[in-house]
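**Student:** Got a structure here, written out as structure tokens. Questions coming.
The values are calculated or read from the model by the stated rules, or taken from the named source; none is laboratory data. In this text the structure is predicted, and so the values were computed from the model without any measurement. With ideal geometry, Cβ positions are generated from the backbone for all residues, glycine too; neighbour counts draw on all protein chains shown. With ligands, DNA and RNA removed, areas are computed over all heavy atoms of the protein, side chains included. Shrake-Rupley method; radii C 1.70, N 1.55, O 1.52, S 1.80 Å.
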Amino acid sequence: MGRQIKFEIFRYNPQRKGDVPHMQTFTLEETQNMTLFIALNRLREEQDPSLIFDFCCRAGICGACAMVINGRPGLACQTKIKDQPSKITLLPLPVYKLVGDLAVDTGVWFREMYAKTESWVHTSKVFDPTKEEERMDNSIAEEIYELERCIECGCCVSACGTARLRDDFLGAAGLNRVARFVVDPRDERTDKDYYEVIGNDQGIFGCMGLLACEDVCPKGLPLQNQLGFLRRKMGITALKDIFKKK
Amino acid sequence: MQTYYSDLLVIGAGLAGERVACEAAQNGFKATCLSIVPARRSHSSAAQGGMQAALGNCAKGEGDCTDVHFIDTVKGSDWGCDQEVARLFADAAPIEMRRLAHWGVPWNRVVPGKSFYFKGGEKFEKYEKEENEGLITARSFGGTAKWRTCYTSDGTGHAVMCTMDNRCAQLGIDVFDKKEAISLIHDGDVCMGAVVRCLRTGELEVYLAKATAICTGGFGRIYKATTNAVICDGGGHIIAHDTGLVPLGNPESIQFHPTGIVPTDILVTEGCRGDGGTLLDCNEERFMHIYEPEKAELASRDVVSRRMTEHMRAGKGVKSPYGEHLWLDIRHLGDKHISTKLREVDEICHHFLGVDPRTELIPVRPTQHYTMAGLRTDKDGAVYGLKGLYSAGEAACWDMHGFNRLGGNSLAETVVAGGIIGAKIVEFLEGYETKFDTGCINSAVKKQQQRIHDLMHGRNGKLNVYDVRNEMQDALMKGCFVFRNQQGLEECVETLQGTLKKARKVGLVSDGIGPNHELAAALKLEGQVKLAMCIAQSALMRTESRGSHNREDYPERNDQDWLNRTLAYWREGADMPELSYEDTTPLFELPPGDRGYGGGKIIPADEKYVKERTVKSPVTEIGKKK
Ligand SMILES: Cc1cc2nc3c(=O)[nH]c(=O)nc-3n(C[C@H](O)[C@H](O)[C@H](O)COP(=O)(O)OP(=O)(O)OC[C@H]3O[C@@H](n4cnc5c(N)ncnc54)[C@H](O)[C@@H]3O)c2cc1C
Ligand code: SF4
Ligand code: SF4
Ligand code: FES
């Protein structure tokens, strides 16, 4: 016999008239290799089909299933029940708009972020299908890829004090996105162009540097380094600007 | 009710869908993409290995060309593909990879000098040329003559998906997530768009367009054990098939992978066995060498999957709360090997099983992996049966994969087909105007409202959605999996006939309000059972073994009778699919021959038939040499 696991789950369906946010308790017997993915699906299929939560890849690569698990933002599919106490509290990620129960709207948040940071390679070159590809150093390609590993799960933003205070803050995920283009030689934007986007309180100067973001990132992205890198770069740009104006 | 208009409606925002949308937007048309999840969460981002294109930049890819890629693809398909399409694909792939580089994909690049690689546990040396420094490099993937798989570290799908989605943002394409298409709108001739359920509010919305493209990926989720994401559930296939006018191409053609982990069926790489991992049964004894004395664990995907299934059927499976499985053992490879060469496997074991593969066994079983089956299109990507309806990517049977797709060819297909079909859609849209028939639109919406109402109130019955779904999944696993035979398939079809009746009598347990998942599952259940029946019935009729379709009772590939493609229609009001057949390919650049692996007898096709269709091609010479 496995343990009896008690799940305390946040419930609120904004579409249901008269519904109010509350916690609901479920119990499930633990089976071998059970993850939160398996547990939540069993709860929905066997106990309460109205339960709302998101999963997609169930393999830790898409970022759909982030939620607050016993007080800490993380990926539900990657969470093994055997590593948890016999009481598990589940809450939706803060900062993002609630869709229902444990599901939040990360899609809209991230699309706005792409628009703000103009998240694409800015180049004046035109693609010529008859030509060989432009060459690139493999180490640079790998460096870009390292920053592109973000799965947009939203954990970092949810754990961030600044993001909770101001909803226009780009967050570590947004700033990391900018860093990705800063290191890409194909992007022709200058530091000054980037400064326009992130050289303010919604961007790099809003960050308090407490690094909750890096602690919770399930992909282990080096967010701390990136924030430092951008802050230095933007600091220099700001100084240049001040001197120029004089 | 909200109504949205665009020139092109793309249902599905994976790589295929977004690539199609980009092509339309670049040419000045308004494109809208819909997706169940934010685009970057699409299943395309799960592909790690890479995508094939004959660039020939790296040492082991030297001498590669589109002809060789074409040959590999046709052989891989077990001559089940459309060769015109395979040709279009192979020729365009290199250009498309370069285009992706231009858009921002951080492809790994050639690093000149000496380096090492492993093959069958042995270490080899290679030299990359100075002059190729910085060009897109490639790695090796099973089943190809050259190293041809372009990649970005261990996250190709993810990186390409990011770039493609960025490109959509740049072009101002509307990509709406948490939107699920639940029905097409059409008048019997022309497709006008779709009825869509918003997964934020549960409300219905209407999306109208001059052209519609279904790019909803595979439908592995109708099987119980699959490597596919939970959203790969056939929604796109269902809405098209449900019109009664659109056929599924080769539904019996489904690919299985030997090593999905239990319980969640996440894929662990073939590399484990390649490097010397073994498979064990309930007694922790090896068995592959009994069935395949020569290759044992190293036999091809299909073969290993078959033997594992056979062994479990013989009562040697390990019982678990999630059904039977076998063990994968890599303990003897040692800490150093596991933490360097098999790091990804180590991480999967750690994160999803809490197993340390250095000291513990990994529970695995054969698992559904890819659907070569799909909405049948012509070579322009136009879906049979409805004007203005297109399909690309895994959802389509454009048919470059035939009965088995090669690793690395499907991710490449998404962008290559997306580009080619996107351009054809642009041609279609140019100068095309249409009228939207409000009667059609209203009746399509009403029908969906009625279905939802009936499900919510148990008007047709109160059967449990998940129970019925389980029954369907179990039937497919039992009768229509890796191994197929007449008795098993007949039983499967019979069971599914019963399941279909049940699917029509489900009712919700919950209230179904808002972004309710039970309702989403219920809405597609009947369509899923129909897909399952198409698979089983087509597999029953196809009395031969070709590629992934394996009949124990008909082990030979029969080109005499079966060099054709199944088309499965579901006519309105029918209880069984209607099957018809068409030639696999209008012409042969590469006449039918031996695949070069997997053994098996071939019953040759009529010589005259082949001769009449064979065209002159550079491939004929290269093909002969091999
Ligand atoms: C684990 C794994 C590893 C793989 N690795 C490789 C590899 O290394 N190389 C390779 O070539 N191939 C690989 N493949 C196969 C390849 O990843 C897929 O074939 C390919 O990504 C499919 O892309 P797509 O654009 O057709 O569909 P997907 O990327 O699956 O996108 C489907 C889209 O449709 C949307 N959708 C679905 N239904 C609806 C609906 N009803 N309404 C609205 N939207 C809907 C989804 O939200 C999604 O946006 C792998 C597959 C798996 C499962
Ligand atoms: S370091 Fe900055 S971005 Fe990270 S959590 Fe703290 S305030 Fe937020
Ligand atoms: S940076 Fe890490 S925590 Fe933040 S969204 Fe990306 S993957 Fe998630
Ligand atoms: S479901 Fe994709 S990361 Fe958890």
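Per-residue answers, yes or no, for (1) of a type in the set (A, V, I, L, M, F, W, C); (2) within 30 Å of residue A:188 (Cβ to Cβ):
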| residue | (1), (2) |
| --- | --- |
| B:70 | yes, no |
| B:73 | no, no |
| B:86 | yes, no |
| B:95 | yes, yes |
| B:101 | yes, yes |
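**Student:** Does residue A:49 meet the test of being at the interface with another protein chain (Cβ under 8 Å from one of its Cβ atoms), modelled with pLDDT of 95 or more and more than 14 Å from ligand 1 (Cβ to nearest atom)?
**Tutor:** Yes: the conditions hold for residue A:49.
**Student:** Looking at residue A:220 and the list (1) open to solvent by 50 Å² or more (accessible area, probe 1.4 Å); (2) within 14 Å of another protein chain (Cβ to nearest Cβ); (3) away from ligand 3 (no atom under 16 Å from the Cβ), which single condition is not satisfied?
**Tutor:** Tallying (1) open to solvent by 50 Å² or more (accessible area, probe 1.4 Å); (2) within 14 Å of another protein chain (Cβ to nearest Cβ); (3) away from ligand 3 (no atom under 16 Å from the Cβ), residue A:220 fails exactly one: (3).
**Student:** For the range B:183-216, which positions are touching a strand residue (DSSP E or B) at 6+ places or on another chain (Cβ under 7 Å) and either within 16 Å of ligand 2 (Cβ to nearest atom) or among the β-branched types (Val, Ile, Thr) (or both)?
**Tutor:** B:185, B:190, B:195, B:196, B:206, B:212, B:214, B:216
**Student:** Within the range B:217-242, track down each residue that is touching a strand residue (DSSP E or B) at 6+ places or on another chain (Cβ under 6 Å) and assigned to a loop (DSSP other than H, G, I, E, B).
**Tutor:** B:218, B:219, B:223, B:225, B:227
**Student:** Also, I was wondering about something else. Of all residues in the range B:96-118 being of a type in the set (Phe, Trp, Tyr) and surrounded by 15 or more Cβ atoms within 10 Å (Cβ to Cβ), which is farthest from residue B:170 (Cα to Cα)?
**Tutor:** If we take residues in the range B:96-118 being of a type in the set (Phe, Trp, Tyr) and surrounded by 15 or more Cβ atoms within 10 Å (Cβ to Cβ), then B:107 is farthest from residue B:170 (Cα to Cα).
**Student:** Taking residue A:82 as meeting all but one of (1) within 7 Å of another protein chain (Cβ to nearest Cβ); (2) free of Cβ contacts under 8 Å to residues at least 40 places away in the same chain; (3) surrounded by fewer than 20 Cβ atoms within 10 Å (Cβ to Cβ), write down the number of the exception.
**Tutor:** Residue A:82 satisfies all of (1) within 7 Å of another protein chain (Cβ to nearest Cβ); (2) free of Cβ contacts under 8 Å to residues at least 40 places away in the same chain; (3) surrounded by fewer than 20 Cβ atoms within 10 Å (Cβ to Cβ) except (2).
**Student:** Right, another one. Can you tell me which condition residue B:198 does not meet? The list is (1) under 29 Å from residue A:57 (Cβ atoms); (2) buried (at least 22 other Cβ atoms within 10 Å of the Cβ); (3) of a type in the set (A, V, I, L, M, F, W, C), and all the others hold.
**Tutor:** Only one criterion in (1) under 29 Å from residue A:57 (Cβ atoms); (2) buried (at least 22 other Cβ atoms within 10 Å of the Cβ); (3) of a type in the set (A, V, I, L, M, F, W, C) is unmet by residue B:198, namely (2).
**Student:** Taking residue B:258, is it part of a loop (DSSP other than H, G, I, E, B), more than 14 Å from chain A (Cβ to nearest Cβ) and within 28 Å of residue B:562 (Cβ to Cβ)?
**Tutor:** no
**Student:** Follow-up question, since we're still on this one. In the range A:102-134, which residue that is β-branched (Val, Ile, Thr) and within 23 Å of residue B:515 (Cβ to Cβ) is nearest to the other protein chains (Cβ to nearest Cβ)?
**Tutor:** Ranking the candidates gives A:106 first.
**Student:** Just checking, does the range A:94-102 include any residue being buried (at least 18 other Cβ atoms within 10 Å of the Cβ), within 16 Å of ligand 1 (Cβ to nearest atom) and modelled with pLDDT of 95 or more?
**Tutor:** Among the residues of the range A:94-102, at least one is buried (at least 18 other Cβ atoms within 10 Å of the Cβ), within 16 Å of ligand 1 (Cβ to nearest atom) and modelled with pLDDT of 95 or more, which makes the answer yes.
**Student:** Within the range B:119-151, how many residues are away from chain A (no Cβ under 14 Å) and either surrounded by 14 or more Cβ atoms within 10 Å (Cβ to Cβ) or within 23 Å of the chain's Cα centre (by Cα) (or both)?
**Tutor:** The number of residues fulfilling the criteria is 10.
**Student:** Only one of these is in contact with a strand residue (DSSP E or B) (Cβ under 8 Å, 6 or more places away or on another chain), more than 9 Å from ligand 1 (Cβ to nearest atom), open to solvent by 10 Å² or more (accessible area, probe 1.4 Å) and not basic (Lys, Arg): B:292, B:284. Name it.
**Tutor:** Just a single option satisfies the conditions, and that option is B:284.
**Student:** So residue B:75 ticks every box in (1) open to solvent by 10 Å² or more (accessible area, probe 1.4 Å); (2) within 14 Å of another protein chain (Cβ to nearest Cβ); (3) not β-branched (Val, Ile, Thr) but one. Which box is left unticked?
**Tutor:** (2)
**Student:** Also: Pull out all pairs, ordered by first then second residue, where Cβ-Cβ is under 7 Å, the residues are six or more apart or on different chains, the first lies in the range A:183-201 and is over 16 Å from residue A:114 (Cβ atoms), and the second is hydroxyl-bearing (Ser, Thr, Tyr).
**Tutor:** Partner pairs satisfying both residue conditions: A:186/A:123; A:188/A:123; A:188/A:124; A:191/A:237; A:192/A:237; A:195/A:237; A:199/A:237.
**Student:** Follow-up. Which residues, counting only those in the range A:189-238, are within 16 Å of ligand 4 (Cβ to nearest atom) and among the polar types (S, T, N, Q)?
**Tutor:** none
**Student:** Taking the condition of being under 17 Å from residue A:100 (Cα atoms) and either open to solvent by less than 20 Å² (accessible area, probe 1.4 Å) or touching a residue at least 60 places away in the same chain (Cβ under 8 Å) (or both), how many residues in the range A:39-54 meet it?
**Tutor:** Summing the residues that are under 17 Å from residue A:100 (Cα atoms) and either open to solvent by less than 20 Å² (accessible area, probe 1.4 Å) or touching a residue at least 60 places away in the same chain (Cβ under 8 Å) (or both) in the range A:39-54 gives 8.
**Student:** Okay, moving on. Kindly establish whether residue A:89 is over 30 Å from residue A:43 (Cβ atoms), surrounded by fewer than 21 Cβ atoms within 10 Å (Cβ to Cβ) and β-branched (Val, Ile, Thr).
**Tutor:** Criteria not met by residue A:89.
**Student:** Out of contact with any strand residue (DSSP E or B) (no Cβ under 9 Å at 6 or more places or on another chain), within 20 Å of residue A:227 (Cβ to Cβ) and open to solvent by 10 Å² or more (accessible area, probe 1.4 Å): does that describe residue A:128?
**Tutor:** Spelling it out, it is not the case that residue A:128 is out of contact with any strand residue (DSSP E or B) (no Cβ under 9 Å at 6 or more places or on another chain), within 20 Å of residue A:227 (Cβ to Cβ) and open to solvent by 10 Å² or more (accessible area, probe 1.4 Å).
**Student:** Give the range B:387-427 a look and list any residue that's of a type in the set (A, V, I, L, M, F, W, C) and either within 14 Å of chain A (Cβ to nearest Cβ) or within 9 Å of ligand 1 (Cβ to nearest atom) (or both), or say none.
**Tutor:** Those that are of a type in the set (A, V, I, L, M, F, W, C) and either within 14 Å of chain A (Cβ to nearest Cβ) or within 9 Å of ligand 1 (Cβ to nearest atom) (or both): B:392, B:395, B:396, B:406, B:411, B:412, B:415, B:416, B:417, B:420, B:423.
**Student:** Continuing with this model, one more query. Report those strands (runs of 3 or more DSSP E) wholly inside the range B:90-208 carrying at least 2 residues which are touching a Gly at 6+ places or on another chain (Cβ under 6 Å) and free of Cβ contacts under 8 Å to residues at least 12 places away in the same chain.
**Tutor:** none
**Student:** Also: Restricting the range B:212-248 to residues that are away from ligand 4 (no atom under 16 Å from the Cβ), open to solvent by less than 10 Å² (accessible area, probe 1.4 Å) and small (Gly, Ala, Ser), which is farthest from the chain's Cα centre (by Cα)?
**Tutor:** B:244
**Student:** Can I ask one more? Testing residue B:50 on (1) touching a Cys at 6+ places or on another chain (Cβ under 7 Å); (2) of a type outside the set (A, V, I, L, M); (3) modelled with pLDDT of 95 or more, one condition comes back false. Which one is that?
**Tutor:** For residue B:50, the exception is condition (3).
**Student:** Is there a residue in the range B:273-281 that is part of a helix (DSSP H, G or I), out of contact with any Gly (no Cβ under 8 Å at 6 or more places or on another chain) and surrounded by 18 or more Cβ atoms within 10 Å (Cβ to Cβ)?
**Tutor:** yes
**Student:** Right, here's the next one. Tell me, please, whether a residue that is out of contact with any strand residue (DSSP E or B) (no Cβ under 7 Å at 6 or more places or on another chain), at pLDDT 95 or above and within 14 Å of another protein chain (Cβ to nearest Cβ) can be found in the range B:521-531.
**Tutor:** The answer is yes; a qualifying residue exists.
**Student:** Select from the range B:491-510 the residues that are polar (S, T, N, Q) and more than 22 Å from residue B:538 (Cβ to Cβ) and list them in ascending order.
**Tutor:** Within the range B:491-510, just B:510 meets the criteria.
**Student:** Also, I was wondering about something else. Quick one: count up the residues across the range B:470-515 that are more than 18 Å from residue B:221 (Cβ to Cβ) and in a loop (DSSP other than H, G, I, E, B).
**Tutor:** 13
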